[in-house]
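Asker: Pasting in a structure now, in structure tokens, and then I'll have a few things to ask.
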Amino acid sequence: GQCAAHCPTGAIVENDETATVWEALQNPDKYCTVQIAPSVRVALGEEFGYPPGTNLTKRIYAALRRVGFKAVFDTNFSADLTIMEEASEFVERFAHGKGSLPLITSCCPAWTDYMEKYHHDFVDNFSTAKSPQQMLGVMAKTYFSEKMGVDPATHYQVSIMPCTAKKYELERTGEMFASGYQDVDVTLTTRELACLIKQSGLVFDELPEEEADSLLGEYTGAGTIFGATGGVMEAALRTGYFLVTGENLSPDAMSIHPVRGLEGVKEAEIDIKGAKVRVAVAHGMANVSKVLERVRRARERGEEIPYHFIEVMACPGGCVGGGGQPYGISDAVRQKRMEGLYQEDQDISIRCSHDNPEIKRIYTDFLGAPLSEKSEKLLHTKYKARKLYQK
Ligand code: SF4
């Protein structure tokens, strides 16, 4: 498409799917819904002349409704859902000895692909929780469709992601079709969303501020910081602490500063009522290998593992620095986009995933509990060793 030709040689562009989405939006037999990822909201503005880090969530919702989506959801909601499942998994492994440690996050598809090919001795350490993109999709086609009387066969889910690898995650394994329908039908990058808005003729600056649609739209500070390196870990520790102690961390302790920022490997030790949880956060593949090497060495020597929980993101900075974001990335830009997310976490009244009212409701009305049979079926996946050139 015309908009995708940012790269001067045309060599580095995603497979532009804006035309596919327009076609779906104009098809009267399709019920089109959409989700936006955490880091999209603080980067899209750069395509419209705003400084990096400007949080445009509510105006993006308005734009998506006006291009024709029937309901606008937020991946921040399902980031909270991912945390419920993943923190529960962590507590099972850490506090009840069920499963291997360290637990390693798996919401970045570039990382999961890399691990399955190059580090598959860690397959059992992966969190089986699906990524927020996939969780939102499957809940849209099951829970939301059921409540709203939408035929899931006509439900067409679009995700707006900071990431080109997210396009391939859609068909990663059979679990991405666990409900009988594909969780998410198509992914657009942040850049493609900018194109979609420009192609629509909407004047972005003049759009009002709107809210997301209910059932899959409400989110917490923990959900929004998923877009920055260290954010998933921080969110998981807030809920892990609650699951073990029955109490929330104090508002000050809830901001876990050692896991924030652009240092390549970040480490922290969190005290959960006397139990010490050692965590590491790595972003950028070279840093990831360093952390995994430390774990391997300890295993080989029969020493205590250096970490109980590891967060990995393939892109430096995490998704704020993703390959589908507006061009012109630098550490200064990554920093600004991250600040936009941490600011939102600070400003929002609910900062823990388990306190999100819509998350409570989805468990009471539909899923039962984290790691229930239904949650396992719809919200979890599998990993395996793959050969280098195997899908
Ligand atoms: Fe995609 Fe990069 Fe985020 Fe991984 S870290 S999910 S590759 S944008």
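The values are calculated or read from the model by the stated rules, or taken from the named source; none is laboratory data. Bear in mind that the values here come from a model prediction, so they are computed numbers and not experimental data. Reconstructed Cβ throughout: ideal geometry from the backbone, glycine too, with neighbour counts over all protein chains shown.
Every residue, every condition in (1) farther than 18 Å from residue 30 by Cα; (2) modelled with pLDDT under 95; (3) among the hydrophobic types (A, V, I, L, M, F, W, C), yes or no:
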{"site": "166", "(1), (2), (3)": "yes, no, no"}
{"site": "176", "(1), (2), (3)": "yes, no, yes"}
{"site": "182", "(1), (2), (3)": "no, no, no"}
{"site": "187", "(1), (2), (3)": "no, no, no"}
{"site": "195", "(1), (2), (3)": "yes, no, yes"}
{"site": "198", "(1), (2), (3)": "yes, no, no"}
{"site": "204", "(1), (2), (3)": "yes, no, yes"}
{"site": "210", "(1), (2), (3)": "yes, no, no"}
{"site": "218", "(1), (2), (3)": "yes, no, no"}
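Asker: Which number in (1) crowded, with 20+ Cβ neighbours inside 10 Å; (2) of a type in the set (Lys, Arg); (3) farther than 30 Å from residue 259 by Cβ marks the one condition that residue 198 misses?
Answerer: With respect to (1) crowded, with 20+ Cβ neighbours inside 10 Å; (2) of a type in the set (Lys, Arg); (3) farther than 30 Å from residue 259 by Cβ, residue 198 is out only on (1).
Asker: Out of 202, 193, report the one residue that is farther than 23 Å from residue 109 by Cα and touching a residue at least 60 places away in the same chain (Cβ under 8 Å).
Answerer: When all the criteria are applied, what remains is 202.
Asker: Among the residues of the stretch 35-48, is any part of a helix (DSSP H, G or I), surrounded by fewer than 19 Cβ atoms within 10 Å (Cβ to Cβ) and modelled with pLDDT of 95 or more?
Answerer: Yes, some residue in the stretch 35-48 is part of a helix (DSSP H, G or I), surrounded by fewer than 19 Cβ atoms within 10 Å (Cβ to Cβ) and modelled with pLDDT of 95 or more.
Asker: Give the residues of the stretch 55-95 that are outside any helix (DSSP H, G or I), over 20 Å from the mean Cα position of the chain (by Cα) and not aromatic (Phe, Trp, Tyr), sorted by residue number.
Answerer: 68, 70
Asker: For the stretch 250-326, which strands (runs of 3 or more DSSP E) that fit wholly inside it have 3 or more residues that are surrounded by fewer than 24 Cβ atoms within 10 Å (Cβ to Cβ)?
Answerer: Hits in the stretch 250-326: 265-272, 275-283.
Asker: Follow-up. Search the stretch 170-185 for residues that are without any contact (Cβ under 8 Å) to a residue 60 or more places away in the chain and pair each with any residue that is crowded, with 17+ Cβ neighbours inside 10 Å and charged (D, E, K, R) when their beta-carbon atoms are under 6 Å apart and the residues are at least 6 apart or on different chains.
Answerer: 181/141
Asker: Of the residues 210, 234, only one is within 15 Å of residue 80 (Cα to Cα), among the acidic types (Asp, Glu) and surrounded by 17 or more Cβ atoms within 10 Å (Cβ to Cβ); which?
Answerer: 234
Asker: So in the stretch 327-342, with the set limited to residues that are touching a Gly at 6+ places or on another chain (Cβ under 6 Å) and outside any loop (DSSP other than H, G, I, E, B), which one is surrounded by the fewest Cβ atoms within 10 Å (Cβ to Cβ)?
Answerer: Result: 339.
Asker: Give 54, 82 a once-over and let me know the one that is more than 16 Å from the ligand (Cβ to nearest atom) and either among the β-branched types (Val, Ile, Thr) or within 29 Å of residue 238 (Cβ to Cβ) (or both).
Answerer: 54
Asker: Could you list all residues from the stretch 116-131 that are within 27 Å of residue 80 (Cα to Cα) and either within 19 Å of the chain's Cα centre (by Cα) or not charged (D, E, K, R) (or both)?
Answerer: 122, 123, 125, 126, 127, 128, 129, 130, 131
Asker: Anything in the stretch 92-119 that is more than 19 Å from residue 135 (Cβ to Cβ), hydrophobic (A, V, I, L, M, F, W, C) and surrounded by fewer than 23 Cβ atoms within 10 Å (Cβ to Cβ)? List them, or say none.
Answerer: Of everything in the stretch 92-119, those that are more than 19 Å from residue 135 (Cβ to Cβ), hydrophobic (A, V, I, L, M, F, W, C) and surrounded by fewer than 23 Cβ atoms within 10 Å (Cβ to Cβ) turn out to be 94, 95, 101.
Asker: Output the residues belonging to the stretch 242-294 that are in contact (Cβ under 8 Å) with a residue 60 or more places away in the chain and among the basic types (Lys, Arg).
Answerer: Answer for the stretch 242-294, where residues must be in contact (Cβ under 8 Å) with a residue 60 or more places away in the chain and among the basic types (Lys, Arg): just 260.
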